[in-house]
Amino acid sequence: MIATTTIKRTKVPLKRILMLLLILFFIITSIILIETNNSAYPLIFLSFFPYYVLFSIIADYKENPVNLFDKRLVLSSDELIIDNSIYQLVQLEKLVICISEFDGKEIYSPYYTGRSFFSLIYRKKKILNGTRNKFSFIYNGIYFEYSFYISSEDQKNQFKTLFESWYTQKINFKEINCSGKRTYLLEELSYKEIQSFKEKYQVG
């Protein structure tokens, strides 16, 4: 079984740049108002609202993941390939893979889910873009960490199938979710289910 995807390159996301610029503009606006008007604080408060709305819009902006991920990642039953670098799984230490989302996954915000003005800003449904997945390992004493992109639920299931082959081959690795909780074949299990899983695959 092989899972193929792309790795995030070293680049500051456009969303982060826009947020930082917006914060900077608000600070500059506040300073100008204070310097030119003795009763500037009510004006600062009023000017905060449009900045807040813009900030919320930018926070929901979905940048095309293709622009952020350009290195090839291939995971197989015995190898991990990053572009032209090939690593044998048996040579890796502390291999940890965090899979939290895929492009198009829908989640629901716990904030302001009722029909109110704030629900326009904190929309209860959010569509994720599959970029918050990571893996790390130690090779020859050097620590490596990468973010990678999952384009669909089908591609996410490729990792599930791959992980099952790793458990069967007794590959030493750990899978977690975005909350840092241990998962088994991408699922959080109860204590009883974990014991049954460990017995089936003979893992510690």
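The values are calculated or read from the model by the stated rules, or taken from the named source; none is laboratory data. The structure presented is a predicted model; accordingly, all values stated were derived computationally and were not measured. When we count neighbours, we look across all protein chains shown, and the Cβ atoms used for this are built from the backbone with ideal geometry, even at glycine.
Across the range 150-171, the number of residues qualifying as touching a Ser or Thr at 6+ places or on another chain (Cβ under 7 Å) and either hydrophobic (A, V, I, L, M, F, W, C) or crowded, with 18+ Cβ neighbours inside 10 Å (or both) comes to 1. Any residue in the range 62-83 that's in a helix (DSSP H, G or I): show its pairings with residues that are at pLDDT below 70 at Cβ separation under 9 Å, as long as the two are six or more apart or on different chains. Cβ pairs passing all conditions: Pro65/Thr6; Pro65/Lys8; Val66/Thr6; Asn67/Lys11; Asn67/Pro13; Asn67/Leu14. Among the residues making up the range 122-162, those that are among the hydrophobic types (A, V, I, L, M, F, W, C) and either touching a Gly at 6+ places or on another chain (Cβ under 7 Å) or free of Cβ contacts under 8 Å to residues at least 60 places away in the same chain (or both) are Ile127, Leu128, Phe135, Phe137, Ile138, Ile142, Phe144, Ile150. Counting only residues that are among the β-branched types (Val, Ile, Thr) and either without any contact (Cβ under 8 Å) to a residue 12 or more places away in the chain or part of a loop (DSSP other than H, G, I, E, B) (or both), the range 84-110 holds 2 of them. Listed by position, the strands (runs of 3 or more DSSP E) enclosed by the range 122-185 that each have at least 1 residues that are touching a strand residue (DSSP E or B) at 6+ places or on another chain (Cβ under 6 Å) and at pLDDT 90 or above are 133-139, 142-149, 173-176. Filtered by the rule that a residue be of a type in the set (S, T, N, Q) and within 17 Å of the chain's Cα centre (by Cα), the range 132-156 gives Asn133, Ser136, Ser147, Ser151, Ser152, Gln155.
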